[in-house]
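Notes to accompany the following structure.
The values are calculated or read from the model by the stated rules, or taken from the named source; none is laboratory data. Predicted model only: the values in this text are computed from it and were never measured. Cβ placement follows ideal geometry from the backbone for every residue including glycine, while neighbour counts extend to all protein chains displayed.
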Amino acid sequence: MQALFQLVPAAYVVFRREGQVLLQLRQNTGFMEGHWACAAAGHVEAGESVLAAAVREAAEETGLHLDPLDLLPLTTLHRTNGGDQAKSQRVDFFFAATRWSGEVRIMEPDKCAAMQWFDVDQLPDPMPEHERYVLQHLAGGSLPAIATLGFGD
């Protein structure tokens, strides 16, 4: 019998202003060290909605406070790392935020070396492949509501 299929859900907030996106430089996380990534992202916790996760991650990582009603859905990305483990696939919910309260600041200096605004059409290197995929399609105006990555399609 095949192992039960499982997806690991995550929420991403793409903070946008005047053609720019807010990114953080990851450090000491054990994953994608030295990569620029969305300023607010993380796993949805048990019993938590994806909207609540996005709001929580934004506050925890950037100090910015969001109203869930201000989160604009960008895309849902179903991706795989190519493994055959039951949890080798992810589903990522990307939201845009153009309204927030508070000032951008690094809330987790042990995990974030820098936080910076970048033109969405001039993204830094390196970046996680799936985040670059979403931001490049966003910049090009062709971001589908549901996308897949890593399945050979």
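Here are some notes:
- Within segment 9-22, being under 13 Å from Ala96 (Cα atoms) and part of a strand (DSSP E or B) holds for Ala11, Tyr12, Val13, Val14, Phe15, Arg16, Arg17, Gln20, Val21, Leu22.
- Residue among Glu60, Glu33 that is modelled with pLDDT of 95 or more, within 25 Å of Asp110 (Cα to Cα) and not aliphatic (A, V, I, L, M): Glu60
- Listed by position, the strands (runs of 3 or more DSSP E) enclosed by segment 46-142 include none that has at least 3 residues that are surrounded by fewer than 12 Cβ atoms within 10 Å (Cβ to Cβ) and in contact (Cβ under 8 Å) with a residue 40 or more places away in the chain.
- Looking across segment 143-153 at every residue that is in a loop (DSSP other than H, G, I, E, B) and among the small types (Gly, Ala, Ser), the one that is surrounded by the most Cβ atoms within 10 Å (Cβ to Cβ) is identified as Gly150.
- Pair list, Cβ < 9 Å and 6+ apart or interchain, from segment 29-43 residues that are closer than 17 Å to Phe94 by Cβ to residues that are in a loop (DSSP other than H, G, I, E, B) and β-branched (Val, Ile, Thr): Ala39/Val104
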